[in-house]
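Please read the structure below before turning to the comments.
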Amino acid sequence: MSSTKKVIIVGFWICIILFNAEILNSQPLVNANATVQAKELKSFLDSVKGKKILSGQAFEDVNENWLTIISNASGGKQPAIMSLDFMNSSPLRVSMGTNPDETTNKAIDWVKNKGGLLEMHWHWDAPSKVTGDKWQAFYTKNTSFDVAAAMNDVNSEDYKLLVRDIDFISERLLRLQKEGIALLWRPLHEAEGKWFWWGAKTGDACKKLYRMMYDRMVNYHKINNLIWVWNSYGTTKENWYPGDDVVDIIAWDYPDYNAQTGSWSQYQQLFGTKGKLFALGESGELFNPELLPQQPWLYFITWAYMIKDPSQQNGKNTDSWINKVFNDSRVLTLDDLQPGLKAKAGTSQILEDKDGNGKEWVTLDASESSTQTGQIVSYNWSVLGVEIATGANASVELPLGMHEVLLTVKTNTGETKTAKVIITVKAASLSKKKSFIASSTEANLGNSAANAVDGDYTTRWSSVYSDPQWYQIDLGAVFTISQVTISWETASAKNYRLEVSDDGASWKTIASKSNMLAGARTDDTKGLNASGRYIRMYGTERTSQWGYSIFEFEVYGKESNTTGIFNAEMNRVKLYPNFIRRTEKLQIECTSDLISSNFRIYNLSGQVVKQGKFVENITSLNIDESFSPGMYIFKGNGFGLQPVKFLVCALHKQQRTLVVSC
């Protein structure tokens, strides 16, 4: 929305604020001799601010496969910014055999051949006095190097070593400048945390080092292709801001998104009048684009291995979340920086099966797709190679489960691009909008207990910072409970129990969780066979110093003492996402009462194609050549079981594993 339109709505004073903000955010670079490329990059960043957010991915080593993980999860998307580390270019590392130019080569290839943007930082190994691990000599604990003493004596050997190291990195930056590459430069990162040697002493010493580096690079080496980025932790730590004359962008590493007290609010308090752009220098979980209107960060950069799935060590991002973020129209990716056709498959969605029939209508939206040359002539939507819809806007009915929907866009010139969106159709939770009681609620943050059962995955309940804590739901009637899903925020439970009760007083444990992974995650407890009107999470130990924080506490099952299934999700045999290729294994998960019973699979002509037995809660079935492409019906022998349809697709070169749950 333009400033003029906002004036009409909110009046004169907002006009003044917006006008001043535009002046501030279009301030020139601090280096008056900045290259044309640096000025163009700054102008582009100014144009993005407040409208979109740039995506980024960090690398510790140039051979890491983080781009492949992102591409596979997002349908071919790549981050707009590559964040690289001069760590292996430090003189100490080079003396131990690293290639000082490997990182620079990677940077040149990314910008010149891929068309991406570049951010660089430096895990700077201490120039001397390394007392611990030489491969982690940037940590305060591994060196006795005294930056304060060095900066207070310019004739000292340690000061000369600082200059030596800066000069060595300057050679690499000058090479980038000669290639016509401008970049975001984030030196002395996270200094205020004091865990790196450049922040181990006083803020005064660190600021002196930063300003000395700026002077040495800009005025001595004539390095003019840098946009200078300073890391700040706002009001949570000492503020060591080195000065308006040497900082273009202020970036927070691992932000707090709380609307009232978080990182954005703190930046407004400390730096809101300085006219600097604000960014996320490092983060774990990908930025939620829904926050952009209230917190218009310029870019986010996911730190290296944290792009992995939470089931892996230190991973913070599921494939579905990567897909959702990288395909959001508000998030700029590598293809947005390049000319030509752009395929946009819309935003990933989670839909509720409102009528319990096991499927739901979804609207697919490719209207953000665009091209600068020619015209888009076709939009094709498919799942596992089977076309399900056409058109820029299409409606299609999908069964329960998670569906990877591929959009293929083609122009009249023959250019083709693809994008992917994940559509999840899930049953209605028994706990949604039901009555609740919580042991406590964290004060003054707005994270009320109602948030855990409101059906909104962006709101959460959080407790006080102590053990034990619990969250209790009144389902309103007695239900047979077969599944519980808890979506945790970073403040998650390490050890907890799921308990049920008929009266809210006497409790029975139906599942115990221990040594759970730290950080944000989703705990999906299936195969339960419990009964009760009340259910609670009883936490006995946390994974962090914070309390317990739940986005959604979902319960699934059927109403007790009835013969009908409460909803399709709770059918004891169900298949989703209901699309599978021949030669793949169909994994069938069933409730314990069905073990040792038989099942049959029919084609649409009523012929039995395959029969077998539930041998355990999870049974694998080969979809072999006896299955021709087409629709099949899965039927188990058991009281009240519903027949379930699934689709077998022709074999495709790009194999993948499909998990079918029941």
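The values are calculated or read from the model by the stated rules, or taken from the named source; none is laboratory data. Being a predicted model, the structure only gives us computed values, none of them experimental. Note that we place each Cβ from the backbone using ideal geometry, even for glycine, and neighbour counts take in every protein chain shown. Just the protein is used for accessible areas: all its heavy atoms, side chains included, with ligands, DNA and RNA removed. Shrake-Rupley method; radii C 1.70, N 1.55, O 1.52, S 1.80 Å.
Of the residues Y556, N451, A477, the one whose Cα sits farthest towards the positive end of the charge dipole of segment 445-568 is Y556 (charges of +1 on Lys and Arg Cβ, -1 on Asp and Glu Cβ, taken about the Cα centre). Database remark: amide H of S378 closer than 5 angstrom to the amide H of K410 (H placed geometrically; neighbours at sequence offset of 5 or more, or on other chains; Pro and chain starts carry no H). List the DSSP H helices in the chain whose Cα atoms stretch 15 Å or more along the helix axis and whose mean Kyte-Doolittle hydropathy is at least -0.5. Span-like helices, by this rule, are 12-25, 36-48, 157-178. Solvent-accessible area per residue in the chain equals 43 Å², computed with a 1.4 angstrom probe and all protein chains kept.
With 0.36 nm allotted per residue and the present C-alpha distance subtracted, the S378-T261 stretch has 37.4 nm of extension available. Take the Cα radius of gyration of segment 399-464 and divide it by 2.2 N^0.38 Å, N being the number of residues; the result is 1.86. Ellipsoid fit via the Cα gyration tensor, segment 359-502: semi-axes of 43, 19, 12 Å, each the root of five times an eigenvalue, largest first. Compared with the alpha-carbon gap, the fully stretched path from S95 to K129 is longer by 10.7 nm at 0.36 nm per residue. Hey, how many Å between the Cα centroid of segment 333-398 and the Cα centroid of segment 163-211? Each part's Cα centre sits 44 Å from the other's.
Which percent, to the nearest 5, of DSSP beta bridges fully inside the chain are antiparallel?
70
Under a 5 Å amide H cut-off, with hydrogens placed 1.01 Å from N, W470 pairs with S439, S440, G539 among residues at least 5 apart or on other chains.
Between V608 and Q313, the simple label model (points 7 Å from Cα in the Cβ direction) yields a spacing of 5.0 nm. Protein heavy-atom surface of the chain, 1.4 angstrom probe: 50% of the accessible area is carbon and sulfur, with nucleic acids and ligands not counted.
Around the Cα centre of the chain, unit charges on the Cβ atoms of Lys, Arg, Asp and Glu (plus for the first two, minus for the last two) sum to a dipole of about 920 debye.
By a 1.4 Å probe calculation restricted to protein chains, H123 has an accessible surface near 20 Å², given to the nearest 10. I need the shape label for segment 306-425. Rule: rounded when a/c is under 1.5, else prolate if a/b > b/c, else oblate, with a, b, c from the alpha carbon gyration tensor. Note, shape of segment 306-425 comes out oblate.
Using r as the Cβ-Cβ distance of D524 and E102, and R0 as 41 Å, what FRET efficiency do you calculate, to the nearest 0.05?
Result of the calculation: an efficiency of 0.50.
One Cα centroid belongs to segment 402-421, the other to segment 236-268; the line between them spans 39 Å.
A full extension of the chain between F168 and S596 corresponds to an added length of 147.1 nm, given 0.36 nm per residue minus the alpha carbon distance.
In this calculation the C-beta distance from D245 to Y457 is compared with R0 = 45 Å, giving a FRET efficiency of 0.55. Computed from the C-beta positions of A443 and Q27 and an R0 of 56 Å, the FRET efficiency is 0.90 to the nearest 0.05. Placing unit charges on each Cβ (+1 for Lys and Arg, -1 for Asp and Glu) gives segment 206-259 a dipole about its Cα centre, and among T236, L209, V247 the Cα reaching farthest toward its positive end belongs to L209. Of K434/K635; K141/K237; K194/K316; K77/K324; K106/K410, which sit over 23 Å apart, Cα to Cα? Violating the 23 Å Cα-Cα cut-off are K434/K635; K194/K316; K106/K410. In this simple spin-label approximation, S43 and A148 carry label points 7 Å from Cα along the Cα→Cβ vector, and these lie 4.6 nm apart. Only one residue of A149, N113, N412 has its Cα farthest out toward the positive end of the dipole of the chain, where Lys and Arg carry +1 and Asp and Glu -1 on Cβ, and that residue is N412.
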